[in-house]
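Down below is the structure, laid out as structure tokens.
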Amino acid sequence: MAEDISFSVSSDCHRLGLRSGAVIFRNVRVGEASAELRAEAAQEINAVRARFADMATVRAVPEVAAFREILRTMGVNLKKTQPSVERLLSLALKRGALPAINNLVDAYNLISIRSLCSLGAHDLDRITPPVALRLLTGQETFTPLGQDRAMPIAAGEFGYVDARDRVLCWLDVLQAEFSKVNPATVDALLIVEGTTAHSAENLQQAMAAAIEMITRHCSGTAEVVASPL
């Protein structure tokens, strides 16, 4: 039930230009992506390659440029660190493929390149609500996806944090290892993030599209916790 968890965006992050909402998925089945989902992804990748001539064209899109500008204000070196949307579009454009993780992750990555929003999911049973998008103090703990050691984080950066001060996602760039969605996941929290460059309609459509895509490919039910406004 939605009342089991709350999700908030701090005024500081709102002033940065971030807009974020969340959906709870329950009783999902996480596994290998189906042939249908892989075909949908291939079709969308072809659309990306038809739309963008090169990465300069990608970076010029207002939605991508807005994510880059927010990271720039955080002091991020954009030559080394890309916003998640830009990184996915780069893989689609240069390699003609997106990462094959599992049906739930592959589904929201597809919605990400289609909507130009940043999406990420976390195993709801591994996190302690409430979850907040806020500026970090530097005292939180964060172990990035695929690693077994915590990395230092700087005060003033933004991130998604649970009630135990564990970072679920650093900036919109790196997700945490402990809360990753995997075949044992039953319930998941999906975060849909945009910026002031994303229209309210775009954000609502991205959330609706993610709900449709994930429930179609992973079964289960979905309930909006917070709209990305």
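Data for the structure
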| read-out | value |
| --- | --- |
| Extreme residue, nearest to Ala65 (Cα to Cα), among residues of the range 5-52 that are of a type in the set (S, T, N, Q) and under 19 Å from the mean Cα position of the chain (by Cα) | Ser20 |
| Which numbered condition Arg59 fails, given (1) in a helix (DSSP H, G or I); (2) within 21 Å of Ile191 (Cβ to Cβ) | (2) |
| Cβ-Cβ under 9 Å pairs, at least 6 apart or on other chains, the range 56-76 side closer than 11 Å to Glu86 by Cβ, far side among the acidic types (Asp, Glu) | Val58/Glu86; Arg59/Glu86; Val64/Glu86; Phe67/Glu86; Phe67/Asp172; Phe67/Glu193; Arg68/Glu86; Leu71/Asp172 |
| Any pair with Cβ under 7 angstrom, 6 or more apart, that starts in the range 1-23 at a residue that is farther than 11 Å from Val131 by Cβ and ends at one that is in a strand (DSSP E or B) and at pLDDT below 95 | none |
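The values are calculated or read from the model by the stated rules, or taken from the named source; none is laboratory data. Because the structure is predicted, anything quoted here is derived from the model rather than measured. Backbone-built Cβ (ideal geometry, glycine too); neighbour counts: all protein chains shown.
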